[in-house]
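Encoded as structure tokens, the structure appears first; notes follow it.
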Amino acid sequence: MAAKKIKDDYQNQIKQFQPKPPYVLNCIKAFVIGGLICTFGQLIQNMYITFFDFNEKTAGNPTVATLVLISALLTGFGIYDRLGQFAGAGSAVPVTGFANSMTSAAMEHRSEGIVLGVATNMFKLAGSVIVFGVVAAYIVGMIRYFYGLAF
């Protein structure tokens, strides 16, 4: 108990010397960079519609695949990490942030080999996201099904 009190007293004493984070500036940077990433994605989708004869429904899949590929390449070259340090959550929210996290995990463990290093660790994050998505979709589907039976 005494150790916790000493730690709390220390935290209170040093709080006045710590710089305040620039919350407003961080929010603006995240908003602008996230918006630019999404605008770039829209430009890619428009390119698929214009030049490759896709329609609005079918252009979504190649657009996402292209954004994932670009994000993975930028992560490999170390550019996306610098963007993430600058933009914060603005670079993490779009699909490019998900691709960045998968690529980063794979790159960290490449010394362990392709199967046991890259392939296994790449899906540490993706696995939980996919499982959550499937379970959430199942629950929403069941709610909708039972709601349809009731009315």
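Of the listed requirements (1) surrounded by 15 or more Cβ atoms within 10 Å (Cβ to Cβ); (2) in contact with a helix residue (DSSP H, G or I) (Cβ under 7 Å, 6 or more places away or on another chain); (3) not aromatic (F, W, Y), E56 misses just one: (1).
Counting only residues that are aromatic (F, W, Y) and at pLDDT below 75, the range 91-123 holds 1 of them. Selection of the range 90-107 for residues being within 8 Å of the chain's Cα centre (by Cα) and either closer than 17 Å to G35 by Cβ or of a type in the set (G, A, S) (or both) yields S91, A92, V93, P94, V95, T96, G97, A99, S101. Which one is farthest from N26 (Cα to Cα) among residues in the range 60-86 that are loosely packed, with under 14 Cβ neighbours inside 10 Å and among the polar types (S, T, N, Q)? The selected residue is N61. If you go through the range 1-38 and keep only what is closer than 30 Å to V68 by Cβ and surrounded by fewer than 10 Cβ atoms within 10 Å (Cβ to Cβ), you end up with just L25. Kindly check whether there is at least one residue in the range 59-66 that is over 26 Å from the mean Cα position of the chain (by Cα) and without any contact (Cβ under 8 Å) to a residue 40 or more places away in the chain. No, because not a single residue in the range 59-66 is over 26 Å from the mean Cα position of the chain (by Cα) and without any contact (Cβ under 8 Å) to a residue 40 or more places away in the chain. How many residues does the range 87-110 hold that are touching a Cys at 6+ places or on another chain (Cβ under 7 Å) and over 22 Å from I28 (Cα atoms)? The number of residues fulfilling the criteria is 0. Residue count for the range 1-34 under the criterion of being within 25 Å of I79 (Cβ to Cβ), without any contact (Cβ under 8 Å) to a residue 12 or more places away in the chain and assigned to a helix (DSSP H, G or I): the result is 3.
The values are calculated or read from the model by the stated rules, or taken from the named source; none is laboratory data. All of these numbers come straight from a predicted model, not from anything done at the bench. Note that each Cβ is placed from the backbone with ideal geometry, even for glycine, and that neighbours are counted across all protein chains shown.
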